[in-house]
Amino acid sequence: MGFKKGFLWGGATAANQVEGGVFECGRGLANVDLMPHGKDRYLVGTGKKISNHIEKGVYYPSHQAVDFYHHYQEDIALMAEMGFKTFRLSIAWTRIFPNGDEEKPNEAGLEFYENIFKECRRYDIEPLVTINHFDCPMYLINKFGGWRNRKMIDCFVKLARVLFERYKGLVKYWLTFNEINMILHFPFVAAGLRFVGDENPYQAMITVAHHELVASALVTQIAHQIDPENQIGCMLAAGSYYPETCRPEDYWKALCDDRESYMFIDVQSRGYYPSYALKWIEKRNASVPFIEGDKEILRENTVDFISFSYYSSRVSSACPDKGKQTESNIFASVVNPYLKSSEWGWQIDPLGFRITINELYDRYQKPLFVVENGLGAKDTIEEDGTIQDDYRIDYLRKHIQAMKDAVDEDGVDIIGYTTWGCIDLISNGTGEMEKRYGFIYVDRDNLGNGTFKRIRKKSFYWYKKVIESNGEQLE
Ligand code: BG6
């Protein structure tokens, strides 16, 4: 028993949170480059404050991030030292197509990722590539209104085709869109969506989501045509909802909240909009902008596996003015009194991880890939230069144990596990650097000071043993 042979242990990142080098190799401007540090970040991310260009005097943490752009060889060597079997990273769309609608791709951008993939292969690390982790070219946002326009499908398909052709034999595992349900919660970041006037925001979000779903299905089809070895996954910001009490109304609310999360990956996995989703959309005076052929495309090109992020479970209450809410990942929930929280108010629930895994497997009966899990915490460098991050080890140990229980006790098929931010990176939600997830510390602070020096934390050596023992040694 235990994790199967070849289980893909590793870590995960996203281009805009690690790379930096925003103006290198002819890269164009993207929505994620306009996410400031500080109080405006949430407003820009939700599309409530419009930002069209880089403003003087504003600090944008992703512009340098942790400078993976110049450090990738050193970083991949450190991952190899931990024994990584896989490394999840994303493609910055504007490195490949700086505006998004050019005829030809930017060779310098393609080379950058090719070098990374070759570096991974040198160490037998399987790249896991998110084609779109929250990037959208600003040129396309200004020209078309981003994903609300169907023309985006062509631009995205062109990007994906270039990637599949160029990296054939180097990359096999692909995710189309990171956390597709984030469209409903952080629309400018998730899909470059900004609301105009007094439009119905639900119509805008459903239009955007439908275009991404069709694009995802087309890209899945092309990936399989170009290389039958390609494996394509959808990606969900997961975390099951518990009812606050056993009042039937609370249970019903929890079920509805879960469905709001599942809605889009139901389409990617089963090939059609479920009836509850169509009703959800109708009740919000919106409709799915189907055109002829869409239904067939969705039906015939479902994903090969289900990937997801899990940080915490959530709680639903039927009581509309329910008091205290958690700070959790963008979309808040009612506080669970039985759980402890991280320094950022995210509630810690390893059993909730096993529950979420089981729910996803029951629902889809496709292999699962856990592509984000971890604890964002402040780290201190001791006088002797070490970082004793026992709190992170504790979080990960309990979550890996819960995942192991799901495999051993419940028989779930899991392909791999990548911890979020295996190397410290910029927080998506807050833009902070000091909310650290990594096994590898990066000397950089919230205001952009620091040398970018990399330091191995205590968890680095712990995770190395976990991987070496294929998840048997968790102490
Ligand atoms: C996920 C995203 O929602 O959560 C990541 O895919 C993000 O991009 C991660 O970084 C953790 O959230 P945060 O706000 O702590 O960075």
Within the stretch 419-438, identify whether any single residue is in contact (Cβ under 8 Å) with a residue 40 or more places away in the chain, surrounded by fewer than 19 Cβ atoms within 10 Å (Cβ to Cβ) and farther than 27 Å from MET235 by Cα, and answer yes or no. no
Could you list, in sequence order, all residues of the stretch 101-134 that are surrounded by fewer than 22 Cβ atoms within 10 Å (Cβ to Cβ) and of a type in the set (Ser, Thr, Tyr)? TYR123
Could you tell me which of the residues ASN230, ASN200 is open to solvent by 10 Å² or more (accessible area, probe 1.4 Å) and among the polar types (S, T, N, Q)? ASN200
Only one of (1) of a type outside the set (Asp, Glu); (2) under 23 Å from GLY233 (Cβ atoms); (3) open to solvent by less than 10 Å² (accessible area, probe 1.4 Å) is not met by PHE460, so which one is it? (2)
Which residue pairs have Cβ atoms closer than 7 Å, lie 6 or more positions apart in sequence or on different chains, and pair a first residue in the stretch 376-396 that is within 18 Å of LEU425 (Cβ to Cβ) with a second residue that is away from the ligand (no atom under 14 Å from the Cβ) and part of a helix (DSSP H, G or I)? ALA377/TYR391; ILE387/LYS458; ASP389/LYS458; ASP389/SER459; ARG392/SER459
Here's a check for you: in the stretch 135-161, which residue that is open to solvent by 30 Å² or more (accessible area, probe 1.4 Å) and out of contact with any Lys or Arg (no Cβ under 9 Å at 6 or more places or on another chain) is nearest to GLY233 (Cα to Cα)? ARG161
Subset of the stretch 393-446, residues acidic (Asp, Glu), within 19 Å of LYS458 (Cα to Cα) and within 14 Å of the ligand (Cβ to nearest atom), comes to ASP424, GLU434
So VAL466 fits all but one of (1) over 22 Å from TYR72 (Cβ atoms); (2) within 16 Å of the ligand (Cβ to nearest atom); (3) crowded, with 20+ Cβ neighbours inside 10 Å; what number is the exception? (2)
Filter the stretch 51-100 for residues that are buried (at least 16 other Cβ atoms within 10 Å of the Cβ) and among the charged types (D, E, K, R); the one that is farthest from ASN16 (Cα to Cα) is LYS85
Is it the case that the stretch 385-392 has a residue that's open to solvent by 50 Å² or more (accessible area, probe 1.4 Å), within 16 Å of the ligand (Cβ to nearest atom), under 26 Å from PHE331 (Cα atoms) and touching a strand residue (DSSP E or B) at 6+ places or on another chain (Cβ under 8 Å)? yes
Here the qualifying pairs (Cβ atoms under 9 Å; residues six or more apart or on different chains; first in the stretch 171-194 and open to solvent by 10 Å² or more (accessible area, probe 1.4 Å) and part of a strand (DSSP E or B); second among the hydrophobic types (A, V, I, L, M, F, W, C) and more than 12 Å from the ligand (Cβ to nearest atom)) come out as TYR173/LEU8; TYR173/LEU128; TYR173/VAL129; TYR173/ILE232; TYR173/PHE305; TYR173/PHE369; TYR173/ILE415
Any chance the stretch 407-415 includes a residue that's assigned to a strand (DSSP E or B) and out of contact with any Asp or Glu (no Cβ under 9 Å at 6 or more places or on another chain)? yes
Out of curiosity, is LYS5 open to solvent by 10 Å² or more (accessible area, probe 1.4 Å), within 22 Å of GLU81 (Cα to Cα) and in a loop (DSSP other than H, G, I, E, B)? yes
Meets criteria (assigned to a helix (DSSP H, G or I), under 27 Å from GLU107 (Cβ atoms) and under 22 Å from the mean Cα position of the chain (by Cα)) for TYR42: no
In the stretch 57-91, anything part of a loop (DSSP other than H, G, I, E, B) and closer than 23 Å to TYR173 by Cα is listed as GLY83, PHE84, LYS85, ILE91
Taking the condition within 16 Å of the ligand (Cβ to nearest atom), surrounded by fewer than 19 Cβ atoms within 10 Å (Cβ to Cβ) and closer than 21 Å to LYS457 by Cβ, does GLU382 pass? no
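Per-residue answers, yes or no, for (1) under 30 Å from VAL442 (Cβ atoms); (2) at pLDDT 95 or above; (3) in contact with an Asp or Glu (Cβ under 9 Å, 6 or more places away or on another chain):
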site: CYS319; (1), (2), (3): no, no, yes
site: SER328; (1), (2), (3): yes, no, no
site: ALA332; (1), (2), (3): yes, no, no
site: TRP344; (1), (2), (3): yes, no, yes
site: PHE369; (1), (2), (3): yes, yes, no
site: GLU382; (1), (2), (3): yes, yes, no
site: THR386; (1), (2), (3): yes, yes, no
site: ASP390; (1), (2), (3): yes, yes, no
site: LYS398; (1), (2), (3): yes, yes, no
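The values are calculated or read from the model by the stated rules, or taken from the named source; none is laboratory data. Quick caveat: nothing in here was measured; it's all calculated off a predicted structure. All Cβ positions, even for glycine, are placed from backbone atoms using ideal geometry, and neighbour counts span all protein chains on display. Please note that ligands, DNA and RNA were not included when accessible areas were found on the heavy atoms of the full protein model with its side chains. Shrake-Rupley method; radii C 1.70, N 1.55, O 1.52, S 1.80 Å.
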